[in-house]
Amino acid sequence: MSVATQAAARPAEQYRVTRSRRNVAWTGAGALIVVVVLAFFPYVVYSGTTAILVQGFIVLTLASMWNLLAGYAGLVSVGQQAFVGLGAYFVLILALHGTSPFAALPVAAIGCGVAALPLWWLVSRLRSGYFAIATWVLAATIMLVIERFSSIGGGSGMPLPGFAGLSSTLLTAYTYWAALAVTVVALLGIYLLLRSRLGLVLTAIRDDEVAARSSGARVGLARLLVFVVAGAGCGAAGAVLAISQLQVQPSADFSIQWTAEMAFAVIIGGLGTIEGPILGTILYMVLQQTLASFNAWYLIILGLVAIVVALFARRGLWGLVDSRLNLRLFPVGYWLRLDGERPKGRLALPRRR
Amino acid sequence: MAWVNAIIQGVLTGGLYALFACGLSLIFGVMKVVNLAHGDLAVVAGYIAIGVITVTHVPVLWSVVIVVPVMAVLGYVLQRTLIQSALDRGVLITLIVTFGLSIVIENGLLQFFTANSRGIGAGMSLVTGSFSIGSQIQIAWLLVLIFAVAVAVLLGLQYFLSRSRYGRLIRAVADDKEAAQLAGADYRHVFGIAAAVAFATVALGGIAFGMYSDLDPTTGTDTILLFAFAAVVIGGLGSLWGTLLGGVVLGVAQQIGAQINISDELLAGFIVFLVVLAVRPQGLISRRAGS
Amino acid sequence: MTDGVTDAAPQAAARPSPAGRPASGPPLLEVRDLVAHHGQLRALNGISLQVHPGEVYAIIGANGAGKSTLLRSIAGLHQPTAGSVLLDGEDVTRLRPERRARQGIVMVPEGRRLFGSLSVEENLKVGATYARPGPWGLEQVYDMFEWMRERRGQLTAQLSGGEQQAVAIGRALVANPRVLLLDELSLGLAPVVVQRIYGMLPQILATGLTVLLVEQDVSQALAVASHIQCLLEGRTTLEGRPADVTADRVEAAYFGLAGATSAPGGAAEGSKSLWPG
């Protein structure tokens, strides 16, 4: 008999529904160790390596946000580069007024979250395909608007002030820690979000939107919140970008390439899972480092791999691992337990295509 | 006056935008999905035309005769293979796959043709010449030709959809593809025909753009896709002639923007788009049933 | 099998034709041990039937009994998990719906499902696009439904329910099917309209068609059918000619009451078979 019939055969009082606490403890400990180890890097590795890692953290943050949008809220946005650029420019504007760029970072993130609200209002009524292009148009428009103001560098950008007095080692270290902090906060935030009630709504939307709507879930509100969070997250990544580049440049900061990188990392790693973006970013960085000299090639290959994965391995590489090993590093599900017994099996409902 | 000149320019450019937009609108009407690589395909057509002209030295207009059917066949094949597989897996996957296609095409072009922009030089007086109305207004013949072609294409599309057998099938499949199956129609084949038509129109647009301006690998997205989309939204989702109206409004907005401040051309167009999106999201021509 | 009450026994492969059927040889349409699922729910639990040329075969049953799933599986819109569908002896189970339509299995779907942006005539023309040769064409449909001729340029969204049903039937007829599948014709229509539409059946049959219909209205089905089969929760609970079955038997079969069938594995066990395993 399956789990369901077995469960139905016993009286209800004998069962408890719990979160997967044991798994979380292990993962939490593991994650903490990883973070602590990473935090020590500036002391032990060359600045070249930390620079690569900073880039990786930026992509990881972006990828996690895109995963939240597309994998959980069903929103395919190809305009997140708008927030990357906005985050960078928020830092610039604050730095021009005397704030330290590092202090400006959280403000930039919040600013981008706020900016996401009117943008959402503009595009939220469009259906998926048109929604996607509309986000692209928004990004292009925002870039054009920013380029008009020569006080913030116009079309060619300008260097980021506010680093006077910092030695280059210290600057590298602070940049690295800022990037690490942003990534940790972003991943932690997403994890907590998905474990919350909002997360339940999102997973329901991911699995079957019509059913979610008809069971009363506030789909529109959930999507709005996700869009705002993703805006803030991408903005934070953009702020880190500006700091790590020591400059802002419209064509680079608002480039569609950011969307390509975050989307492909997520798809190859695993859409709709928290672990997927991590795996995808690692793969992406490896690919980028090995193909660094063949600039356009790595995007071509990345694109082709993403297409193949999207068609044939929808849950990406993590999905393949997950289905074999039944492993969840960041568990957000529930277990059905008989009192005193170990969990019998995952109450996983059949996934709809 | 310079303003009148600008407006006329804008109206005529609208024809070019309509050529880009009608294919996008057709595909969305039939398959309910957007091909994010739509603009890049126009650029591909332009590059093929350049290649054909370079190799065979045929006059520019002859390249159209070669490239458009090639693109139509390419459209049918791509639809039946890649796009259909993506469609079977859902809208999300389709967007991701077409986005991937767009990136691959752009970077492929970048890799093999460099980032230099190219034009489809014609060397014909038709292409470079212009005529004047009064002393202030100068209109390029090419623009008039492109506008005429756009109107002809839209008329042809309208006739095709309303009178021909495949046009009827396309509309039927757009309404209810299961019911169409019950009537014996293979909707995958009908999708393929629609894609072939869309690719043909976008190829015309790409060649026209290459003659009027210059093409580079990123033109597909920077310019063509975004403009096509803006034209569709402004004109009205689901309306064929709406794409012409939307294109015209976009073109005029851009030219007026350029009059105010030369670097505001693109911005003015996008701002009009955003205003329409905010105020009248269904577009200027409200949606008719079907495409 | 003398009294016509049968169950869909698994070993039905070489089932002899029950007594009382027209001895016109092999069936035109045959379904063998069809099993179909909706996700984990088993909607059809080994259904078999045979439709001979010229018959009006009616499938009745309550909501959720599996009637529409059966018809959709025969039309090709639903892929069965097991079993087969045969047209004139040829296995069509793997064929896509449009191929089956072109071979002669044409369905009038539940809820009409006309092409809303097309006119009446355009709907018919679409139906005729892949038509087989035969007596039905647009003119013949206009002859049968006189009002349609004048209003053929109208958009179907402006028609009444009964008129839409007529157009839907016409759209199927112009394809010149061999087997016409009618899915819940009476749904959403006034009884008078339903009767008028079913009144067209003799005309349709006269041109050589065979009809397999699904109907919730039992009395209507009994009135037009030459053969009837009742489904309950995916299993057959009754099968036979209307003349051979009493109202009580039909009622018992419809609702799955005790003593409904004398077949092994009948309704009593069937009602728990919603979950697999």
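Per-structure values
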| quantity | calculated |
| --- | --- |
| Single unsatisfied condition, residue C:63 versus (1) assigned to a strand (DSSP E or B); (2) out of contact with any Cys (no Cβ under 8 Å at 6 or more places or on another chain) | (1) |
| Search result, residues across region B:234-249 that are more than 12 Å from residue B:269 (Cα to Cα) and either more than 9 Å from chain A (Cβ to nearest Cβ) or in a helix (DSSP H, G or I) (or both) | B:235, B:236, B:238, B:239, B:240, B:241, B:242, B:243, B:244, B:245 |
| Unmet criterion (only one of (1) within 14 Å of another protein chain (Cβ to nearest Cβ); (2) on the phi > 0 side of the Ramachandran plot) for residue B:78 | (2) |
| Meets criteria (more than 14 Å from chain B (Cβ to nearest Cβ), crowded, with 17+ Cβ neighbours inside 10 Å, touching a residue at least 60 places away in the same chain (Cβ under 8 Å) and assigned to a loop (DSSP other than H, G, I, E, B)) for residue C:185 | yes |
| Of all residues making up region C:113-159, the number that are under 13 Å from residue B:175 (Cα atoms) and β-branched (Val, Ile, Thr) | 2 |
| Extreme residue, nearest to residue A:238 (Cα to Cα), among residues of region A:118-141 that are more than 7 Å from chain B (Cβ to nearest Cβ) and not in a helix (DSSP H, G or I) | A:124 |
| Residue within region A:176-198 that is touching an Asp or Glu at 6+ places or on another chain (Cβ under 7 Å) and away from chain B (no Cβ under 14 Å) present | no |
| Qualifying position, being within 12 Å of chain A (Cβ to nearest Cβ) and either in a helix (DSSP H, G or I) or crowded, with 24+ Cβ neighbours inside 10 Å (or both), among B:26, B:92, B:12, B:16 | B:92 |
| Scan of region A:216-269 for residues that are hydroxyl-bearing (Ser, Thr, Tyr) and within 14 Å of chain B (Cβ to nearest Cβ), ordered by number | A:251, A:255, A:259 |
| Among (1) away from every other protein chain (no Cβ under 14 Å); (2) in a helix (DSSP H, G or I) - the single one residue B:120 does not satisfy | (2) |
| Hey, residue A:102 within 13 Å of another protein chain (Cβ to nearest Cβ) and not charged (D, E, K, R) or not | no |
| Test set (1) surrounded by fewer than 21 Cβ atoms within 10 Å (Cβ to Cβ); (2) assigned to a loop (DSSP other than H, G, I, E, B); (3) not basic (Lys, Arg) - residue B:271 fails condition number | (2) |
| Unique match (being closer than 30 Å to residue C:37 by Cα and either modelled with pLDDT of 85 or more or within 13 Å of chain B (Cβ to nearest Cβ) (or both)) among A:345, A:319, A:272, A:276 | A:272 |
| Pair list, Cβ < 7 Å and 6+ apart or interchain, from region A:88-106 residues that are more than 15 Å from residue A:236 (Cβ to Cβ) to residues that are part of a helix (DSSP H, G or I) and of a type outside the set (Ser, Thr, Tyr) | A:93/A:152; A:95/A:101; A:95/A:104 |
| Test: residue in region C:62-70 that is within 14 Å of chain B (Cβ to nearest Cβ), under 21 Å from residue C:185 (Cβ atoms) and modelled with pLDDT under 95 | yes |
| Subset tally (residues that are within 14 Å of chain A (Cβ to nearest Cβ), buried (at least 24 other Cβ atoms within 10 Å of the Cβ) and part of a helix (DSSP H, G or I)) for region B:29-52 | 5 |
| Flag for residue A:300 being surrounded by fewer than 24 Cβ atoms within 10 Å (Cβ to Cβ) and either part of a helix (DSSP H, G or I) or at the interface with another protein chain (Cβ under 9 Å from one of its Cβ atoms) (or both) | yes |
| Candidate set from region A:173-184 (those that are touching a residue at least 40 places away in the same chain (Cβ under 8 Å) and surrounded by fewer than 22 Cβ atoms within 10 Å (Cβ to Cβ)); member that is nearest to residue A:109 (Cα to Cα) | A:178 |
| Residue in region C:37-58 that is within 14 Å of chain B (Cβ to nearest Cβ) and either farther than 30 Å from residue B:160 by Cβ or part of a helix (DSSP H, G or I) (or both) present | no |
| Yes/no for residue B:229 being at pLDDT 90 or above and in contact with a Phe, Trp or Tyr (Cβ under 9 Å, 6 or more places away or on another chain) | yes |
| Criterion: touching a residue at least 24 places away in the same chain (Cβ under 8 Å), within 24 Å of residue C:53 (Cα to Cα) and within 14 Å of another protein chain (Cβ to nearest Cβ) - qualifying residue of C:131, C:166 | C:131 |
| So residue A:170, is it more than 14 Å from every other protein chain (Cβ to nearest Cβ), assigned to a helix (DSSP H, G or I) and without any contact (Cβ under 8 Å) to a residue 60 or more places away in the chain | yes |
| Those residues of region C:82-111 which are part of a loop (DSSP other than H, G, I, E, B) and more than 9 Å from chain B (Cβ to nearest Cβ), in sequence order | C:88, C:89, C:92, C:93, C:94, C:95, C:104, C:110, C:111 |
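The values are calculated or read from the model by the stated rules, or taken from the named source; none is laboratory data. Bear in mind that the values here come from a model prediction, so they are computed numbers and not experimental data. Here Cβ is always computed from backbone atoms with ideal geometry, including for glycine, and neighbour counts include all displayed protein chains.
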